[in-house]
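Below: one structure, written as structure tokens.
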Amino acid sequence: MAKAPVEDQKRSPAQTEVPDIWQSFRSEMDRLFDRFIGSFGFPPLRRVFDIEQFEDEGEAAEAFEAAAADLLSAVNDTLAEVRQGREEARELLSRLEARLASPDG
């Protein structure tokens, strides 16, 4: 019986597309910061600070510095409001404790 030649074809391993982990991580971090900054009423940073719209690094640095100053100002204002609210709550709690401790209660 004659043997027919059989081609030995080597198969390349199945090429699976591996997601770019760093790009996925960056996208997730961008989304997280956009949600955080949006809670202060600011638009997402990607729209505020699009690096491609600037002519040179100096202009981009100035824009970034201005955006950072605005964000810092908003955070400081929010912290001041929180502190004021905390002081008001302490004062109300103190009054309530005094009222409950008095015999007229």
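The values are calculated or read from the model by the stated rules, or taken from the named source; none is laboratory data. Note that the structure is a prediction, hence the values are computed from the model and not measured. Methodologically, a virtual Cβ is constructed for each residue, glycine included, from the backbone with ideal geometry; neighbour enumeration extends over all protein chains shown.
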Tell me, which residue of segment 58-79 that is farther than 18 Å from F42 by Cα and within 22 Å of the chain's Cα centre (by Cα) is surrounded by the most Cβ atoms within 10 Å (Cβ to Cβ)? A60
Note down all Cβ pairs under 7 Å where the first residue falls in segment 16-43 and is under 16 Å from A68 (Cα atoms), the second is modelled with pLDDT of 80 or more and not hydrophobic (A, V, I, L, M, F, W, C), and they're at least six residues apart or on different chains. F40/T78
For segment 90-105, does any single residue satisfy the condition of being touching a Lys or Arg at 6+ places or on another chain (Cβ under 8 Å) and modelled with pLDDT under 65? yes
Return yes or no: is R46 at pLDDT 80 or above and basic (K, R)? no
Across segment 12-43, the tally of residues that are at pLDDT 80 or above and either in contact with a strand residue (DSSP E or B) (Cβ under 8 Å, 6 or more places away or on another chain) or surrounded by fewer than 12 Cβ atoms within 10 Å (Cβ to Cβ) (or both) stands at 13
